[in-house]
Amino acid sequence: RYCADQGVPILAHAYNSNQAEDCTGWRASPQYWGEVIDKFSTPEKPLRLCLGHFGSFSAHTKFPTCTDAFGAKAWEIIIGSILASPKAPYVFADVSYLSEVLDQSDGWQARRKAMSDQFKSFIAKNDPAAEHICYGSDWIMLGREAGHARYHVALGDFLRNDVQLNAAQLNNIYFGNATRFLGLQPGDQNRERLDKFYQNNNIQQHFPKIDPLVG
């Protein structure tokens with residue numbers, strides 16, 4: 001409720017991993033965030049939420065011995081259903097750790113084709129302008145993946161060539177959506193707090209020059 005009232009963005013783990021006990025990884029399902037959106041987000045005070053680890057369409061296949069009421073659905077499909085809600089204009093998904101784009105092991109071409117087809121289907125059905133997907137370049141855990149130094153290049157190749165996103169869609173993913181999620185656009189509560197801080201400390205000249213780029 002506080003985050004919705006104050007425009008505070010929430011970044012949440014949303015992959016079936018890092019579980020403390022058997023099957024508890026399912027607790028990270030976006031299904032539960034859908035319930036939060038229904039309860040706390042309103043058109044006047046929308047909740048700003050970004051769900052991590054988007055894009056592999058595989059979370060629901062992890063730990064198959066665990067049972068779950070919505071276990072047959074890819075978590076990305078659940079996110080798509082959340083985006084259909086009028087209460088979810090500021091719900092986003094994050095592709096900062098789509099490490100599958102670095103995969104070069106046997107059979108990687110078929111796996112990449114399947115993933116790109118699923119990605120295309122998600123975009124066409126749920127997010128045609130790619131207004132709900134974010135990319136961040138500073139997720140530290142990516143450093144444990146082989147080839148992590150070229151992740152930004154591999155991801156760009158995947159989105160541009162495999163998923164075939166256009167320049168406007170890519171601009172949203174790489175920049176525009178983050179300004180919306182973080183509340184950095186003029187008039188946003190976070191932006192007003194930052195503007196006040198910079199003014200009070202006489203450092204306005206150091207505020208990033210993002211306004212000409214904000215759409």
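Are any residues in the range 111-163 part of a loop (DSSP other than H, G, I, E, B) and either open to solvent by 80 Å² or more (accessible area, probe 1.4 Å) or at positive phi (or both), and if so, which ones? Steps first, answer last, please.
Step one: of the range 111-163, the residues part of a loop (DSSP other than H, G, I, E, B) are 127-132, 135-139, 145-147, 163.
Pro128, Ala130, Glu131, Ser137, Asp138, Trp139, Ala146, Gly147, listed by residue number.
Looking only at the range 186-213, filter to residues that are in a loop (DSSP other than H, G, I, E, B), touching a helix residue (DSSP H, G or I) at 6+ places or on another chain (Cβ under 9 Å) and within 19 Å of Glu44 (Cβ to Cβ); which one of those is least open to solvent (accessible area, probe 1.4 Å)?
Top of the filtered list is Asp188.
Tally up the residues in the range 69-83 that are surrounded by fewer than 17 Cβ atoms within 10 Å (Cβ to Cβ) and at pLDDT 95 or above, please.
Summing the residues that are surrounded by fewer than 17 Cβ atoms within 10 Å (Cβ to Cβ) and at pLDDT 95 or above in the range 69-83 gives 1.
Scan the range 13-44 for residues that are under 18 Å from Ala178 (Cα atoms) and out of contact with any Phe, Trp or Tyr (no Cβ under 8 Å at 6 or more places or on another chain) and jot them down.
His13 - this is the single residue of the range 13-44 that is under 18 Å from Ala178 (Cα atoms) and out of contact with any Phe, Trp or Tyr (no Cβ under 8 Å at 6 or more places or on another chain).
The values are calculated or read from the model by the stated rules, or taken from the named source; none is laboratory data. Everything numeric in this text was worked out from a predicted model, so none of it was measured. Because the Cβ atoms are built from the backbone with ideal geometry, glycine has one as well, and the counts that use them run over all protein chains shown. We work out accessible area using only protein heavy atoms, side chains counted, and drop any ligands, DNA or RNA first. Shrake-Rupley method; radii C 1.70, N 1.55, O 1.52, S 1.80 Å.
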